[in-house]
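Q: Have a look at this one before I ask anything.
The values are calculated or read from the model by the stated rules, or taken from the named source; none is laboratory data. Remember, predicted model here, so these are calculated numbers, not experimental data. Using ideal geometry, Cβ is built from the backbone for each residue, glycine included, and neighbour counts are taken over all protein chains shown.
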Amino acid sequence: MTDGDIIAKLEETTKDAARRQQDTLRAILERNAGVRYLQPHLRGYPALPDAATFRRAVPLSCYDDYADHVFRMADGDDDDDQPFLSVDSLVCFFYSSGTSSMKPKMIPYFDSVPSKAISFLAHQGSAAILRRLFPPRPSVDKFLWFMYAGNIMETKGGYKAMAASAFPFQGDKSNLSHFLPMSVSPKGVILGLDLQQQMYCHLLCGLRKFNLVDGIRAPYAAGLIRAIYLLESKWKQLCEDLECGYPSLEISDDSMRDSVIEVLCGPQPELAKQKYGAIYSKIKYYAGEIPVLGGDYFASECCVGINLDILQPPELTRFTLLPTAAYFEFLPFDMNKMSVSSEETVDVSSVEVGKMYEMVVTTYRGLYRYRLGDIVKVVGFYNSTPQVEFVTRAPNHPGEVITEGNLISAIKSFQQVLRSEEENLQESVLVLRRCCSSLEDAFGDIYKIMKARGEVGPMLLYIVKPGSFDKVLQVAIENGAPASQYKPPKIIRNHKVVDLLEASAVVMIKI
């Protein structure tokens, strides 16, 4: 299909969303209504219940409702005569990011033809939108792509477990042949096992092939920021590596070293001089006028929505739901109480613009009325399909009252106040104490009300040693979180990580 055909097909899926949602649920149930998870709930109902009956009969679910059986499946213990979640064959498991708990969930990935079709359309549609805005140039056609696909585990039952973003690199050669030509980094770097070494080698390959790079990509913005920090700290070593034609001895992975040596093509003294003189002086302005593009709403559980206007800044990014990707429901969410206001869901035709909802999905791959854990705000419709903004992760308890937007606003305000106090930073602790009021002011009205009631304790501000959050990343990876999907947690629920950060504190201020 041409890009025009792909975009036209995406456009078509957003029309008559209510009917397409009914068709999607019917297709899911035609395939999986007989699985053991659904049978106790659907027994006594027609073979193919309608949406209203399905929602009435099948309870809302969360990961804990599936966890025990997911672990049995991972151990190779599933009944082929009556499978638990899906009649399709199990291919592998995808790890969630594990952002808050540092312990990722394992999401089973079944060989579902309809799901693969919509996933293909979503990813190809995203690429087509990018190419429409930024037409490819024949001589400059590669990405500096911070991809980490080598952290693959194998379960007791012989199934692979990985980040969803790593899956294309683990399949057949046709998948690899599609992705590798777009990257300046070779296969040996992408499939490496050490995050820091991979990141360094990605940068080195990007500097060597800078004249071919048309864009920089990372699954999450946090991964790009880590790479920039590494560039800031290692730029001299990178230039030396270009000059001698070999990667640093710190790169101990032989396969990675050999593949990078091929990319470097021998010593590059002139290129090294150019970079040595330019990198550090330009690094603070590395983006300049280069557009920073938003991503799509793809979860480990399913594709949720696509970003049709990738030029919008993050705070204005809206995702158009994909009505054929899953059956979507919405739990009304009360921001004043930071909890769902009703256990009764509404469908795509009943959501209201301006209202908040927790996302619920029924997927082709064995999740039924599954609470995704994301709070979204409906901001409009594209054709008849809802468009949503991501607001925050669903809180585990009422004390988690600060949204991602609150946090970003608070940090911006705090930075502005600190700049105004720059001359007084020798009295740093006193200055920080004065500045902390600006943080609390930005946390929102709910926080202030709960603080006044005594339901939230005093705010504690910790200044931690450099590198402390790198240790948090390491803990997440050691617990199985995929390096490519790691996002710095806004809320930390893992007590060991809290202890780690508190132990790294150099200053603690209580407000």
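Q: Whether any residue in the range 70-87 is in the same structural domain as Leu322 (by TED's automatic domain parsing), touching a strand residue (DSSP E or B) at 6+ places or on another chain (Cβ under 7 Å) and not hydrophobic (A, V, I, L, M, F, W, C) is what I want to check.
A: yes
Q: Which residues, taken from the range 312-365, are polar (S, T, N, Q) and closer than 30 Å to Lys412 by Cα?
A: Scanning the range 312-365 gives Gln312, Thr317, Thr320, Asn336, Ser339.
Q: For the structure I just gave you, tell me whether Leu242 is modelled with pLDDT of 85 or more, part of a helix (DSSP H, G or I) and surrounded by 18 or more Cβ atoms within 10 Å (Cβ to Cβ).
A: yes
Q: Which condition does Val292 not pass, out of (1) under 25 Å from Arg365 (Cα atoms); (2) modelled with pLDDT under 80; (3) among the aliphatic types (A, V, I, L, M), if it passes all the others?
A: Going through the list (1) under 25 Å from Arg365 (Cα atoms); (2) modelled with pLDDT under 80; (3) among the aliphatic types (A, V, I, L, M), Val292 breaks only (1).
Q: Further question on the same structure: If a residue must be at pLDDT below 95 and either in contact with a helix residue (DSSP H, G or I) (Cβ under 7 Å, 6 or more places away or on another chain) or β-branched (Val, Ile, Thr) (or both), how many such residues does the range 368-382 contain?
A: 2
Q: Only one of these is out of contact with any Lys or Arg (no Cβ under 6 Å at 6 or more places or on another chain), modelled with pLDDT of 80 or more and not assigned by TED's automatic domain parsing to the domain that holds Ala222: Asp499, Asp445. Name it.
A: From the options Asp499, Asp445, the qualifying one is Asp499.
Q: Could you run through the range 219-239 and say how many residues are small (Gly, Ala, Ser), surrounded by 14 or more Cβ atoms within 10 Å (Cβ to Cβ) and either at pLDDT 85 or above or not assigned by TED's automatic domain parsing to the domain that holds Gln268 (or both)?
A: Number of matching residues: 1.
Q: Could you tell me whether Val417 is in contact with a Lys or Arg (Cβ under 7 Å, 6 or more places away or on another chain), among the β-branched types (Val, Ile, Thr) and either modelled with pLDDT of 75 or more or not in a loop (DSSP other than H, G, I, E, B) (or both)?
A: In short, no.
Q: Anything in the range 183-234 that is of a type in the set (Ser, Thr, Tyr) and more than 19 Å from Gln170 (Cα to Cα)? List them, or say none.
A: Result: Tyr200, Tyr220, Tyr229, Ser233.
Q: Taking helices (runs of 4 or more DSSP H) that do not extend beyond the range 1-77, which have at least 1 residues that are in contact with a Ser or Thr (Cβ under 6 Å, 6 or more places away or on another chain) and among the hydrophobic types (A, V, I, L, M, F, W, C)?
A: Output list reads 17-32, 64-74.
Q: Right, another one. Restrict the check to the range 317-334 and report whether at least one residue is surrounded by fewer than 16 Cβ atoms within 10 Å (Cβ to Cβ), at pLDDT below 90 and assigned by TED's automatic domain parsing to the domain that holds Gln387.
A: yes
Q: Something else about it: In the range 122-211, which helices (runs of 4 or more DSSP H) lie fully inside it and hold 3 or more residues that are at pLDDT 90 or above, under 24 Å from Ile306 (Cβ atoms) and assigned by TED's automatic domain parsing to the domain that holds Ser233?
A: The helices (runs of 4 or more DSSP H) meeting that bar number zero.
Q: Can you pull out every residue in the range 1-39 that is charged (D, E, K, R), in contact (Cβ under 8 Å) with a residue 12 or more places away in the chain and over 26 Å from Phe84 (Cβ atoms)?
A: Asp3, Lys9, Glu11, Lys15, Asp16, Arg20
Q: Here's a follow-up. Which members of the range 357-377 meet the condition of being buried (at least 21 other Cβ atoms within 10 Å of the Cβ) and free of Cβ contacts under 8 Å to residues at least 60 places away in the same chain?
A: Residues satisfying the conditions are Tyr357, Glu358, Met359, Ile375, Val376.
Q: May I pose another question? If you check Leu42 against the conditions, is it free of Cβ contacts under 8 Å to residues at least 40 places away in the same chain and touching a Lys or Arg at 6+ places or on another chain (Cβ under 8 Å)?
A: So Leu42 does not fit the description; no.
Q: Any residue in the range 43-53 that is assigned by TED's automatic domain parsing to the domain that holds Phe94, within 29 Å of the chain's Cα centre (by Cα) and closer than 21 Å to Ala325 by Cα?
A: no
Q: Another question, then. Val379 - would you say it is farther than 23 Å from Leu38 by Cα and in a loop (DSSP other than H, G, I, E, B)?
A: no
Q: I'd like the full set of residues that are in contact (Cβ under 8 Å) with a residue 12 or more places away in the chain and surrounded by fewer than 17 Cβ atoms within 10 Å (Cβ to Cβ), limited to the range 488-500.
A: Correct list: Pro488, Lys490, Ile491, Arg493, Lys496.
Q: Considering each of Met450, Met508 in turn, give the residue that is out of contact with any Lys or Arg (no Cβ under 9 Å at 6 or more places or on another chain), assigned to a helix (DSSP H, G or I), over 27 Å from Gln196 (Cβ atoms) and at pLDDT 75 or above.
A: Just a single option satisfies the conditions, and that option is Met450.
Q: Out of the range 322-365, which residues are among the small types (Gly, Ala, Ser) and within 21 Å of the chain's Cα centre (by Cα)?
A: Ala325, Ala326, listed by residue number.
Residues checked against (1) closer than 23 Å to Ile290 by Cβ; (2) of a type in the set (A, V, I, L, M):
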| residue | (1), (2) |
| --- | --- |
| Asp194 | no, no |
| Gln198 | no, no |
| Leu204 | yes, yes |
| Asn211 | yes, no |
| Arg217 | yes, no |
| Ala221 | yes, yes |
| Ala227 | yes, yes |
| Leu230 | yes, yes |
| Ser259 | no, no |
